[in-house]
Amino acid sequence: MGIIVATLIVVVIIASALAQGTELTEGEITARVQAVGSVVAVLLAILVGWWQFHQSHGLTKEQRESEDRDRKLKARSLALALYPELLEMKAKIQRARGLYDVIRVETLGIPPVLIQSVHRLYLLDEAGHAIQNFLAASRQFERMVEDPPRPAADDAGEAIDPNQVLAGHVDYMRTTLDAAIDLIDPIVDAAAH
C-alpha cells in the first residue's frame, strides 16, 4: 500500500508541474515528494490512531457488558444458595424470644454455606454487606456465650442483667438478618420469574 501511495504522489507532482508548463529538476521533485509524503504520513497516522481508539473502545464496552452479565449471574446464584440458609437462621432466632430462650440461640451455629461464601458476598452489594454484619454479630454472640458478660451497672448505677445483654445482642442479630433478607429478596424474586 505504501508503494502505491508513493507512486501516486510522484505522479501527482509530475502532473502538476507539467500542467504548469515548468520542468522540475530532480532535487525539486524529491523535495515535493518528501513534503507531500510527510503530509500523507501525518494524515495516515491520525487516521490509524482514530481507528484503533474506536476499535479498542468498542471491545472495552463489550467486555464491560459481558463482565456485568457474568457478575449478575454469579450474584443471583449466590443469592439463591444463601437465601434458604438465611430464612432458616431467621426462624431459629425468632424462636428465641424470651431471656431463657437465649440459651438455645447459642446452639444455632452459622451454616457452613454462609461461612464459605464470605469471600463472594461483595457480589451482592448492600445485601452482602448486611450478611457480613449478621455474620459478625453472630460470631460476637458466640464469643459472648463462651465468655458471658459479668453483672455490671449502667451510668445510673442500676444493675445490668447479663441475660439482658445477650438478649439485646440477639435482637441486633435479628435486625441485621432481617435487613439482609429484605435486600436479597428482590434478587431471589427476579430469579424466580
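The values are calculated or read from the model by the stated rules, or taken from the named source; none is laboratory data. As the structure is a computational prediction, the values presented were derived from the model and not from experiment. Glycine also receives a Cβ, built like all others from the backbone with ideal geometry; neighbour counts cover every protein chain displayed.
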- request: State which residue pairs qualify: first residue closer than 16 Å to Val12 by Cα and of a type in the set (Ser, Thr, Tyr) and inside the range 25-53, second residue at pLDDT 80 or above and exposed (fewer than 13 other Cβ atoms within 10 Å of the Cβ) in any location, beta carbons under 9 Å apart, and separation of 6 or more residues or different chains.
  value: none
message: If I filter the range 157-180 down to residues being of a type in the set (S, T, N, Q) and at pLDDT 80 or above, which single residue comes out as surrounded by the most Cβ atoms within 10 Å (Cβ to Cβ)?
response: Thr176
Subset of the range 88-114 (residues that are loosely packed, with under 12 Cβ neighbours inside 10 Å and at pLDDT 85 or above): Ala91, Pro112
Residue ID - nearest to Lys90 (Cα to Cα), chosen from residues in the range 152-179 that are touching a helix residue (DSSP H, G or I) at 6+ places or on another chain (Cβ under 6 Å) and free of Cβ contacts under 8 Å to residues at least 40 places away in the same chain: Tyr172
message: Please determine whether any residue of the range 47-68 is part of a helix (DSSP H, G or I), at pLDDT 80 or above and under 23 Å from Ala130 (Cα atoms).
response: yes
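Please enumerate the residues belonging to the range 118-147 that are part of a helix (DSSP H, G or I), of a type in the set (Asp, Glu) and modelled with pLDDT of 85 or more. Quick ask: steps written out before the conclusion?
Kept after step one, since they are part of a helix (DSSP H, G or I), are these residues of the range 118-147: 118-124, 126-146.
Filter once more, keeping what is of a type in the set (Asp, Glu): 126, 142, 146.
Result: Glu126, single match.
Could you say whether any residue in the range 130-137 is more than 27 Å from Lys72 (Cα to Cα) and either in contact with a strand residue (DSSP E or B) (Cβ under 8 Å, 6 or more places away or on another chain) or not basic (Lys, Arg) (or both)? Walk me through it before giving the result.
Just the residues of the range 130-137 that are more than 27 Å from Lys72 (Cα to Cα), to begin with: 137.
Still in the running and either in contact with a strand residue (DSSP E or B) (Cβ under 8 Å, 6 or more places away or on another chain) or not basic (Lys, Arg) (or both): 137.
Taking every residue of the range 130-137 in turn, at least one turns out to be more than 27 Å from Lys72 (Cα to Cα) and either in contact with a strand residue (DSSP E or B) (Cβ under 8 Å, 6 or more places away or on another chain) or not basic (Lys, Arg) (or both).
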